[in-house]
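Everything below concerns the one structure shown next.
The values are calculated or read from the model by the stated rules, or taken from the named source; none is laboratory data. Keep in mind the model is a prediction, meaning the values are calculated, not measured. Heads up, the Cβs are rebuilt from the backbone with ideal geometry, glycines too, and the neighbour counts pull from every protein chain shown.
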Amino acid sequence: MPHILSAMSSPEYAKHVPVMIVCMFIGVVAAALISLYHKHVLGAFIRFLRTSGAVDESTAIRLSDTKFNKNVFVRAAIRNGRTYSSVLRTVAPEDKGAVKSKRSERERVISESGYYIPEELSFRADNIFSKKGTTVLSAITGVLLFALVAAVSYVVVPQIIDIFKNFTGMQ
């Protein structure tokens with residue numbers, strides 16, 4: 001145990017504190033941006049399906065019939081298959097049509113497929129993709145508060161380490 005305490009109070013450890021604070025700050029900013037992206041960009045399509053009443057195969061809405069048909073982020077999330085997989089269900093188009101290339105066929109299938117959210121998954125869809133709780137203002141506020149805590153930590157942590165070293169007599 002004394003070995004751990006002496007390592008934590010060494011000047012080498014104090015040199016790494018600013019790097020750790022910057023890394024945590026980058027993580028907080030990335031988390032805020034990803035949350036905003038999920039709630040506002042990808043969530044818009046899910047909320048559209050929920051308000052349109054697309055709850056089963058017969059009420060599924062084709063992407064080509066919506067304003068999201070040209071939205072590259074929604075199309076990428078559908079193509080990816082993981083982002084929407086927990087709530088979104090797909091009805092493949094019936095006609096296959098002429099296959100020009102694999103990529104153009106995939107894009108056509110995405111546009112012509114019907115999408116819906118089953119009633120049993122509506123609660124999950126609302127929790128994951130609703131705008132509630134994550135606004136641009138709350139994300140900016142969170143980042144600014146973390147920046148304040150990081151700045152204070154940047155100044156205070158080395159002083160606490162010095163106090164600890166003086167108190168324990170470690171060098």
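Worth a mention:
- Selected residue (only one of 92, 147 is modelled with pLDDT of 80 or more, surrounded by fewer than 17 Cβ atoms within 10 Å (Cβ to Cβ) and more than 20 Å from residue 65 (Cβ to Cβ)): 147
For (1) charged (D, E, K, R); (2) without any contact (Cβ under 8 Å) to a residue 60 or more places away in the chain, each residue gets a yes or a no:
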position	(1), (2)
62	yes, yes
86	no, yes
113	no, yes
134	no, no
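- Qualifying position, being over 24 Å from residue 135 (Cβ atoms) and surrounded by 15 or more Cβ atoms within 10 Å (Cβ to Cβ), among 112, 105: 112
- For region 112-155, residues that are closer than 29 Å to residue 49 by Cα and in a helix (DSSP H, G or I) total 17.
- In region 1-86, counting only helices (runs of 4 or more DSSP H) that sit wholly within it, the ones holding 3 or more residues that are at pLDDT below 85 and either charged (D, E, K, R) or surrounded by 12 or more Cβ atoms within 10 Å (Cβ to Cβ) (or both) span 2-8, 11-36.
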